[in-house]
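The values are calculated or read from the model by the stated rules, or taken from the named source; none is laboratory data. Not measured: the values here are computed from a predicted model. Every residue, glycine among them, receives a Cβ derived from its backbone with ideal geometry; neighbour counts consider all protein chains shown.
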Amino acid sequence: MIVWDVITVVLVLVGAFFATLAGVGIIRMPDLYTRMQSSTKAGTLGVACLVAAAATHFRTSAVLIEASLVILFLFATAPVASHLIARAAFVAGTPLWERTTRDEQASSEPVE
């Protein structure tokens, strides 16, 4: 019983750390594109750890299945949504950070 409690606490702490890291990344990063990268990666991992903590806390098959589906859905949709938002921002002309050294999208054909 105590092992499951320790696992739950560790998952909550790791999830809270990554969620906090995502929030700090949104505030500290210089442009939209780096903010999106920070919030998507750290935020997804943070929420996944918190959902896994809920699954280990309740330890029922229904909660385990639901938590697994939530994590799978999150990992499948967050990168796609982030990419689409970044692409829309690029098409709209959102500028890169002035210290950006490479613009991979500038050499590709314009999207209409």
Candidates Thr77, Thr94, filtered to the one that is outside any helix (DSSP H, G or I), among the polar types (S, T, N, Q) and loosely packed, with under 13 Cβ neighbours inside 10 Å: Thr94
Of the numbered conditions (1) within 12 Å of Phe18 (Cβ to Cβ); (2) modelled with pLDDT under 95, Gln37 satisfies every one except a single condition; which is it? (1)
Quick test of your reading of the structure: Thr34 fulfils all but one of (1) of a type in the set (S, T, N, Q); (2) in contact (Cβ under 8 Å) with a residue 60 or more places away in the chain; (3) surrounded by 17 or more Cβ atoms within 10 Å (Cβ to Cβ). Name the failing condition by number. (3)
